[in-house]
Each structure stands twice: as C-alpha cells, then as structure tokens.
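S.K.: One structure coming up, written as structure tokens, with questions to follow.
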Amino acid sequence: MATRDYQETDRDVLAELPLERLNAEISRCLLGYQTGGSSQGRKAFFKRLVMLEDIREQAHGVPAKQRTFSSR
C-alpha cells in the first residue's frame, strides 16, 4: 500500500487501516468537505467521508453519523 493512504480507494485495503489512521483520514475529508472551494470538490470529500465512516463502523464498530450533503 502507498504511504499516503488517502490515495487508496479499495474498501478492503482501507478496512485494514488501524483505527488511528482511519480517523485521521476521516478528519481530513471532513475538513475538505467543510472548507473546500467548489461544490464538486466538497462533494468528492463528502462521498469519501461517508465511505470511510461506513468502513470504520464495519471494521471497528464505531457508529457512522447520518450525513446529508448540503451545498452552501
């Protein structure tokens, strides 16, 4: 796996990440969603955020938040 996990898209590979690394990637995506410039960029961060939270719930038992995308 690459040293920069945020480039990884394979759910199985992401599910093997330690909880700390997964939380860091979730935080990065949440920040990108909240502060990103274009709506397309924010939507990409949002989709990855939801996917990562789902993976974290399945792999580590941390409940995923119910989120909806809202454009500014």
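The values are calculated or read from the model by the stated rules, or taken from the named source; none is laboratory data. Quick caveat: nothing in here was measured; it's all calculated off a predicted structure. Ideal geometry is used to build each Cβ from the backbone, glycine not excepted, and the neighbour counts take in all protein chains shown. Note: accessible area is taken over every heavy atom of the protein model, side chains too, but ligands, DNA and RNA are not part of it. Shrake-Rupley method; radii C 1.70, N 1.55, O 1.52, S 1.80 Å.
S.K.: Inside region 13-72, can you point out the residues that are aromatic (Phe, Trp, Tyr), open to solvent by 50 Å² or more (accessible area, probe 1.4 Å) and either part of a helix (DSSP H, G or I) or in contact with a strand residue (DSSP E or B) (Cβ under 9 Å, 6 or more places away or on another chain) (or both)?
M.R.: Within region 13-72, just PHE45 meets the criteria.
S.K.: Could you list, in sequence order, all residues of region 47-72 that are closer than 15 Å to THR9 by Cβ and of a type outside the set (A, V, I, L, M)?
M.R.: Those that are closer than 15 Å to THR9 by Cβ and of a type outside the set (A, V, I, L, M): LYS47, ARG48, ASP54.
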